[in-house]
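Colleague: Okay, here's the structure, questions in a sec.
The values are calculated or read from the model by the stated rules, or taken from the named source; none is laboratory data. Here the structure is a predicted model, which means the values were calculated and not measured. Using ideal geometry, Cβ is built from the backbone for each residue, glycine included, and neighbour counts are taken over all protein chains shown. Accessible surface areas use protein heavy atoms only, side chains included; no ligands, DNA or RNA. Shrake-Rupley method; radii C 1.70, N 1.55, O 1.52, S 1.80 Å.
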Amino acid sequence: MTTGVPTPTHPARPRRSRLRTFLPLGVAVWLVLEIWLLTLVAHATSGFTVFLLLVAGFVLGAVVIKRAGRRAFRNLGETLQQAQSGVTPSGEGGRGNGLMMLGGLLLMIPGLISDAIGLLLLVPPVQKGLSRYTQRAFERGMGLAAPGTVGDAFQQARIHRPDGKVVQGEVIRDEDRGAPGGHYPPLNG
C-alpha cells in the first residue's frame with residue numbers, strides 16, 4: 001500500500017564530524033609507529049634496554065604528574081587565602097600545570113614518540129607558546145559563538161528521535177509565556 005510519499009531507501013544519518021572520522025585512524029597509525037620504533041630500538045640494542053626505557057618513562061611521568069598536582073593544590077590554597085583576605089587573586093597561579101600533567105601522562109604511556117612529545121611539553125618556552133596559541137584559539141572560538149550567557153546555552157533542548165533525526169527546541173518557562181499561575185493554554189485553541 002502506497003501513500004504517494006516515496007520512502008527513503010536508507011535512513012538519514014547525521015553527518016560524522018572529521019574528528020570522529022579521522023581520530024581512530026590517527027590513533028591506529030600512532031600505535032603502529034610506536035610499536036615499529038620500539039622494535040627498531042630493541043633490534044639495535046636489546047629488549048632489556050627497551051624495557052628499562054619504558055619503566056623510566058613511566059616513573060618520570062608519575063613524578064611529573066605528582067609534582068604538577070602538588071603545585072596546583074598549593075596555588076589553589078594561595079588563591080583561596082588571597083580571596084579570604086579580600087585581595088583579588090591573580091590569574092597567573094596555575095600556568096603550566098595542565099601541560100605538565102599532559103606531558104607526564106604522555107611519558108607514562110609506553111612508546112618513544114609519546115615520550116618525546118611528553119618531554120617537549122615539559123620545556124617552559126614550549127608551554128608558554130602552546131598556552132598562548134590555545135588561548136588565542138579559544139578566544140577566536142568564543143568570538144564566533146552567539147552572544148548570551150552560559151545559562152542560555154543550557155536552555156537549548158535536543159530531542160533524539162528513534163529514526164536518528166535530531167529536533168532542536170528551546171525550553172520555555174511559565175513566566176516567559178505569561179500564563180498566570182503556571183496553567184497552560186488549551187491545545188485545541
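Colleague: Would you mention how many residues in the stretch 14-44 are more than 18 Å from D115 (Cα to Cα) and open to solvent by 70 Å² or more (accessible area, probe 1.4 Å)?
Modeller: Matching residues across the stretch 14-44 total 12.
Colleague: Could you figure out which of (1) over 16 Å from L105 (Cβ atoms); (2) open to solvent by 90 Å² or more (accessible area, probe 1.4 Å); (3) not charged (D, E, K, R) isn't true of F58?
Modeller: Result: F58 passes all but (1).
Colleague: Then there's this: Restrict the check to the stretch 57-72 and report whether at least one residue is outside any helix (DSSP H, G or I) and at pLDDT 90 or above.
Modeller: no
Colleague: Only one residue in Q81, Q135 is out of contact with any helix residue (DSSP H, G or I) (no Cβ under 8 Å at 6 or more places or on another chain), open to solvent by 90 Å² or more (accessible area, probe 1.4 Å) and modelled with pLDDT under 90, so which one is that?
Modeller: Result: Q81 is the single residue among Q81, Q135 that is out of contact with any helix residue (DSSP H, G or I) (no Cβ under 8 Å at 6 or more places or on another chain), open to solvent by 90 Å² or more (accessible area, probe 1.4 Å) and modelled with pLDDT under 90.
Colleague: Just wondering, is there one or more residues in the stretch 154-167 that are modelled with pLDDT of 60 or more, at negative phi, part of a helix (DSSP H, G or I) and open to solvent by 100 Å² or more (accessible area, probe 1.4 Å)?
Modeller: no
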